[in-house]
Amino acid sequence: FKKIGVLTSGGDAPGMNAAIRAVTRTAIYNGIKVVGVMQGYAGLIAGEFRDLKTTDVSDIIQKGGTILKTARCMEFKTKEGRQTAYENAKKQGIEALVVIGGDGSFTGARLLSEEHPDFPIVGIPGTIDNDLFGTDYTIGYDTALNTVVEAVDKIRDTASSHNRLFFVEVMGRDAGFIALRSGIAVGAEAILIPEVHTPYAELKAYLENNSKRKRLNNLIIVAEGADQGGAIEVANKVKADFPVYDVKVTILGHIQRGGSPSAFDRVTASRLGAGAVEALLDDQKSIMVGIVNNQISQVPFNQTIKNKKDINVSMLKLAEILSI
Ligand code: F6P
């Protein structure tokens, strides 16, 4: 290749900049020019490009967000939109593309590369949700976890002082990875995730038992996609059933998407950025690079999209044991 493109797409995640830096510098190291596409696929369709030299990616490894901006692009879902994107890329001399994003971004990438087999695309998993099949970790997940833990530790201080029951809602879309891991890290009394149905009666029995023991300081982590509803819904039920509890709700929201990436995310992003360029040099296309058992892996897009990543259900049991 003489020139490749790189873009970030979907929800931003801390560590995306570290990945852009790694893609850019690994490509330049191998004699390849790099073009940054602004605002994900929307920029590919609108023709918004900027050259990336080594110095353009200086001083960004520690920054949250993405210097290339990002978007969720409806037009790219149409064949016409993808055709325009392809033609714009070709006009710029872009011969291959690295897409940093989640499964929605990879669905678009797979379609584009199916329609244009001469245009290789490699994906890098970037989402705080950690919900991508084919990689143990996605870029941004570790930082989001640390953000949740820092915030919830503060909530625990006040929950404990006032003997209150807090429901804290965390992100994750329809996956419970953030909830489960952060729940263990903060010593949550209960964790509600979409992957495992916890009947309300079970939560009620647990809270009944705690109230009998005068244990009124409780912290429950609720994944936004939990089937019992969000934190507000569950909290309202509990309020109605237990006047003894002083119930409060905190929805952490987009604080989980920002901030300086953790060391773990910076290193993961650096390895995956380099891995993506190496995969292109190795004639790979329509794959995502991931990290499995601490090794760089390559998974076809259609597998990452089709397969659901398993959550470690035994960790939920662990949380239950540790919250007696
Ligand atoms: O995929 C990342 C994520 O933060 C999810 O956890 C959340 O459901 C969603 O994006 C929120 O999207 P938006 O920022 O578009 O509201």
Task: Amide H contacts under 5 Å for Gly259, placed H, 5+ residues apart - done: Gly64, Gly65
Open item on the list: Under the rule a/c < 1.5 gives rounded, and otherwise a/b versus b/c splits prolate from oblate, where does the chain land using the Cα gyration tensor?
Closed with: prolate
Task: segment 72-81 - phi-based ³J(HN,Hα) in whole Hz, Karplus 6.51/-1.76/1.60, Gly and Pro as x - done: 9, 10, 6, 4, 5, 6, 9, 4, 5, x
Task: Backbone HN-Hα couplings from phi across segment 251-256 [Karplus 6.51/-1.76/1.60, Hz, Gly and Pro as x] - done: 9, 5, x, 6, 4, 6
TODO: Please determine, in degrees from 0 to 90 and to the nearest 10, the orientation of helix 231-241 with respect to the longest principal axis defined by the Cα atoms of the chain, where the helix direction is its Cα long axis.
DONE: 10 degrees
Open item on the list: Can you give me the C-alpha center-to-center distance between segment 128-165 and segment 191-225, rounded to a whole angstrom?
Closed with: 17 Å
Task: Residues whose placed amide H lies under 5 Å from that of Phe133, excluding near-sequence neighbours - done: Lys309
- [ ] Divide by every residue of the chain the summed helix terms, -39500 (n - 2.57) for each DSSP H run of at least 4, and state the resulting mean residue ellipticity at 222 nm, rounded to the nearest 500 deg cm²/dmol.
- [x] -13000 deg cm²/dmol
- [ ] Specify whether the C-alpha gyration tensor of segment 147-228 places it in the rounded, prolate or oblate class, a ≥ b ≥ c being the square roots of the eigenvalues: rounded for a/c under 1.5, otherwise prolate if a/b is larger than b/c and oblate if not.
- [x] oblate
Open item on the list: Can you find, among Val168, Leu112, Thr147, the residue sitting farthest towards the positive end of the charge dipole of segment 105-210, where Lys and Arg contribute +1 and Asp and Glu -1 at Cβ?
Closed with: Val168
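Out of all DSSP beta bridges with both ends in the chain, state the antiparallel percent to the nearest 5.
Values: 11 of 42 bridges.
If we restrict to bridges inside the chain, about 25 percent are antiparallel.
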- [ ] Sort Ile191, Ile61 so that the residue with the fewest other Cβ atoms within 10 Å of its own Cβ comes first and the one with the most comes last.
- [x] Ile61, Ile191
- [ ] Convert each backbone phi in segment 105-119 into a coupling constant with the Karplus relation 6.51 cos²θ - 1.76 cosθ + 1.60 (shift: θ = phi - 60°), then list the ³J(HN,Hα) values in order as whole Hz, x for Gly and Pro.
- [x] 5, 6, 4, x, 5, 5, 5, 4, 6, 5, 6, 9, x, 7, 10
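Can you check what the net charge comes to around Ala319, using other residues whose Cβ is under 14 Å from the Cβ of Ala319 (Lys, Arg +1; Asp, Glu -1)?
Neighbourhood net charge equals -2.
Normalised by the number of residues in segment 213-324, what is the relative contact order in percent for Cα pairs under 8 Å and 6+ residues apart?
Details: 50 pairs, mean separation 12.6, N = 112.
The value is 11 percent.
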Open item on the list: Let me check I've understood the local charge: for Ala276, count other residues with C-beta under 14 angstrom from its C-beta, Lys and Arg +1, Asp and Glu -1. What total comes out?
Closed with: +1
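Can you classify segment 1-109 as rounded, prolate or oblate using the Cα gyration tensor, where a ≥ b ≥ c are the square roots of its eigenvalues, rounded means a/c under 1.5, and otherwise it's prolate if a/b beats b/c and oblate if not? Walk me through the intermediate numbers first.
Numbers: a/c = 2.08, a/b = 1.24, b/c = 1.68.
Because a/c hits 1.5 or more and a/b fails to exceed b/c, segment 1-109 counts as oblate.
Could you grab the relative contact order for segment 1-134? Cα pairs under 8 Å, six or more apart, rounded to a whole percent.
Details: 267 pairs, mean separation 43.8, N = 134.
RCO, segment 1-134: 33 percent.
Here, each number is a calculation from the coordinates, and none is a lab measurement. Only a predicted model underlies this, so the values are computations on that prediction, with no experimental measurement involved. Note that we place each Cβ from the backbone using ideal geometry, even for glycine, and neighbour counts take in every protein chain shown.
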